[in-house]
Amino acid sequence: MDTKKVNKEYARLAALFKSVDKTKLELVDELLKKAAFLKVELDDLQTLIKKKGAVEVSSKGNSRQHPAYKTYLSSLAVYQTIIKTLNNILGKGEIDEDDEFDEFMKNIT
């Protein structure tokens, strides 16, 4: 695992939360670290899968999912959940401005 890549991804994610209240930032810090780790791990697994493929074929001709692909899929699910949680936290407290559709709906009622 490349610690520099993880730290860079952590810094990128943390920058998204720079305007968030300090208390919330303390709450999400561990999630940010885990998301950064998973992102780098997923990138590494994806590279391996591109090289080896998602399916392994044994010398007897049997095929099965490559272990890296199984790990990739389970890690991706966890990563998506963490990102969704972070996005929800980041979105809380922000005022959602009306878009064109909202304006359209106001004019027809």
Problem set entry | Sole residue being loosely packed, with under 15 Cβ neighbours inside 10 Å, within 19 Å of residue 1 (Cβ to Cβ) and free of Cβ contacts under 8 Å to residues at least 40 places away in the same chain, chosen from 74, 58 | 74
Problem set entry | Among residues of region 50-70, those that are touching a strand residue (DSSP E or B) at 6+ places or on another chain (Cβ under 8 Å) and assigned to a loop (DSSP other than H, G, I, E, B), counted | 3
Exercise. Of these, 39, 5, 24, 34, which one is assigned to a helix (DSSP H, G or I) and modelled with pLDDT under 95?
Worked result: 24
For this session: Could you look through region 22-40, keep only residues that are within 11 Å of the chain's Cα centre (by Cα) and under 18 Å from residue 2 (Cβ atoms), and pick out the one that is surrounded by the fewest Cβ atoms within 10 Å (Cβ to Cβ)?
Result: 34
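The values are calculated or read from the model by the stated rules, or taken from the named source; none is laboratory data. Note that the structure is predicted; figures quoted are calculated from it, not measured. Reconstructed Cβ throughout: ideal geometry from the backbone, glycine too, with neighbour counts over all protein chains shown.
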